[in-house]
1. In degrees, nearest 10, range 0 to 90: what is the angle between the Cα axis of helix 78-93 and the longest Cα principal axis of the chain?
2. How high is the relative contact order of the chain, given as a whole-number percent (alpha carbon pairs under 8 Å, six or more residues apart)?
3. For the chain, what is the mean residue ellipticity at 222 nm derived from helices alone (per DSSP H run of n ≥ 4: -39500 (n - 2.57); sum divided by total residues; nearest 500 deg cm²/dmol)?
4. With both bridge residues required to lie in the chain, what share of the DSSP beta bridges run antiparallel, to the nearest 5%?
5. Which value, in debye to the nearest 20, describes the size of the charge dipole of segment 460-568 about its Cα centre when Lys and Arg Cβ atoms bear +1, Asp and Glu Cβ atoms bear -1, and nothing else is charged?
6. Using the Kirkwood radius built from alpha carbon pairs, what does the Stokes-Einstein equation give as D for segment 386-461 at 4 °C and 1.567 mPa s, in µm² per second?
7. Distance between Cα centroids, segment 163-242 to segment 464-514: provide it in whole Å.
8. Ranked by Cβ crowding within 10 angstrom, fewest neighbours first, how are Ser391, Ser84 ordered?
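What follows is calculated from the coordinates using simple rules that are stated; it is not laboratory data. In this text, all values refer to a predicted model and were calculated from it rather than measured experimentally. Here the Cβ is made from the backbone with ideal geometry for all residues, glycine too, and neighbour counts use every protein chain on show.
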Amino acid sequence: MRIEPRQLPATLPFLGDLPPLLTRLYAARGVQSEAELDKSLARLIPFQQLKGIDAAVDLLVTALEQRQRILIVGDFDADGATASTVGVLGLRLLGAAHVDYLVPNRFEYGYGLTPEIVEVALTREPQLLITVDNGISSVEGVAAAKRAGLKVLITDHHLPGDELPQADALVNPNQPGCEFPSKALAGVGVIFYVLMALRARLRSLGWYESRPQPNIGELLDLVALGSVADVVPLDANNRILVHQGLERIRAGRARPGIKAILEVAKRDAARITSTDLGFIVGPRLNAAGRLDDMSLGIECLLTADANMAREMAAQLDGMNQDRKSIEQGMQREALAQLKDLPVESMPFGLCLFDPEWHQGVIGILASRMKERYFRPTIAFADAGDGLLKGSGRSVQGFHIRDALSVVAAQHPNLIAKYGGHAMAAGLTLPQENFALFAEAFDAEVRRQLREEDLTGRMLSDGTLAVEEFHLELARALRHAGPWGQHFPEPLFHGVFQLVEQRVVGERHLKVVLKSECGSVKLDGIAFGIDRDIWPNPTIQWVELAYKLDVNEFRGNETVQLMIAHIEPR
């Protein structure tokens with residue numbers, strides 16, 4: 001692991017009266033003007049810039065006027081769950097008479113609006129189908145829905161394939177010809193934008209002359225959760241959505257389901273950050289879709305009953321514990337596959353498979369292996385009928401979905417289907433093709449990346465002076481975000497004297513440190529350490545990459561270093 005300085009622009013921008021450290025942090029993350037730090041809703045990119053938005057609103061206005069039955073078809077991850085919830089609640093707020101949802105069970109139907117899911121949908125007798133967080137690749141599914149006489153509105157954010165589905169309306173900032181400046185909206189962000197456009201149209205039609213105008217801002221806690229959990233880039237527009245959602249949660253105005261998940265995780269809603277949404281709430285919500293059926297997660301978010309929310313949150317928490325146990329076993333098996341392979345002989349692109357692995361957890365396994373070996377990784381599980389299902393995670397500089405496109409073009413019929421983003425992708429292929437695919441994927445990674453790209457690196461915002469280890473700065477950094485993908489939380493580095501060290505839990509290292517000059521004593525914690533190295537009383541000096549955080553214990557707040565990397569000096 002290399003710790004490298006984060007690059008700064010040649011000239012720092014003027015960002016108002018911010019402290020110099022915050023100016024430097026923002027500038028290193030591409031902020032060029034004070035306006036980009038304005039997180040008010042008025043700064044959101046106008047919905048009018050989304051291609052297809054007028055056609056989408058036309059469909060929805062007709063559906064509301066004619067009291068049509070609307071069915072939302074979602075995805076089985078946190079983005080899909082929050083998008084489904086936002087769609088249902090938002091359309092009800094705006095006056096829809098009949099709104100329901102359907103989320104495919106990943107083990108029975110797989111992803112997206114497939115012809116098989118259309119058959120299930122038809123049993124609900126809908127007149128309008130709306131996809132959220134899926135649909136851009138559902139050419140056959142949309143065709144099946146149209147043959148059945150349904151209107152179809154697709155809202156999605158995934159990259160399109162060569163052929164677009166023939167839906168009645170399609171809203172996706174990544175579709176060809178869409179000039180919406182932010183291509184980073186999550187699926188939940190796209191449906192929220194559609195609701196904003198619908199409310200504006202209804203207002204112009206006089207719907208609210210005799211009734212109160214609904215506040216769809218009530219849904220921003222869900223938008224924030226889905227956006228962070230889906231790890232979309234937090235550009236200026238997404239930072240507004242996430243900030244506004246976090247403010248609702250901190251003010252105690254979150255959905256009962258989000259409150260309940262925070263309670264079961266023993267997190268104070270008034271103090272949460274975007275990191276808590278990504279690492280605390282998101283995994284518990286995702287656990288339902290990974291192990292069973294995401295309907296439980298959606299129902300938890302939909303309910304207005306606090307007691308029911310608590311019961312469902314407890315179930316989600318139990319599922320998450322089961323997911324962790326399954327994941328740990330899969331990690332051990334993956335490491336066993338690689339333990340006798342020298343690093344110099346390891347593929348540049350890792351493909352791992354075990355017939356007993358759980359389909360719902362392979363994405364997490366791929367992420368863990370990618371973080372350990374610093375190379376694009378795809379983990380596969382048996383999907384039945386002679387097929388394997390794969391979930392891939394990538395490293396900076398390697399667009400994994402585009403790489404799959406190259407492999408598919410070079411080797412026709414090798415991959416049954418695929419899709420995804422730059423950093424994450426999914427695919428299905430015949431089990432007999434696994435070895436050939438692994439070879440082709442490795443070749444494509446080798447074509448794009450060099451060996452030095454696979455050593456892993458952390459970008460540091462520099463060192464902190466002794467006088468900067470204080471609560472005021474730690475609090476300021478906590479709320480200066482929201483931090484997330486492509487707008488990372490500040491990371492610092494330095495050399496410290498190791499005064500005390502002990503393991504807590506199974507693999508967490510608690511330490512007491514002294515600054516290099518020995519004048520300040522600090523607490524720190526490193527999660528998931530290597531038990532073959534730590535604790536080690538012979539190590540007296542360490543180099544750290546860390547985040548400055550606030551630790552609260554029994555009402556007292558102290559500075560704590562959240563250690564991202566530790567190595568002996």
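1. The helix 78-93 is inclined about 40 degrees to the chain.
2. The normalised contact order for the chain reaches 11 percent.
3. Numbers: 16 runs with 205 residues, N = 569.
One gets -11500 deg cm²/dmol as the mean residue ellipticity at 222 nm.
4. Numbers: 51 of 80 bridges.
In the chain, approximately 65 percent of DSSP beta bridges are antiparallel ones.
5. On the way: 10 positive and 16 negative charges, 58 e Å.
The calculation lands at about 280 debye.
6. Values: Rh = 13.1 Å.
Here the translational diffusion coefficient equals 99 µm²/s.
7. 35 Å
8. Values: Ser391 23, Ser84 33.
With the fewest neighbours first, Ser391, Ser84 line up as Ser391, Ser84.
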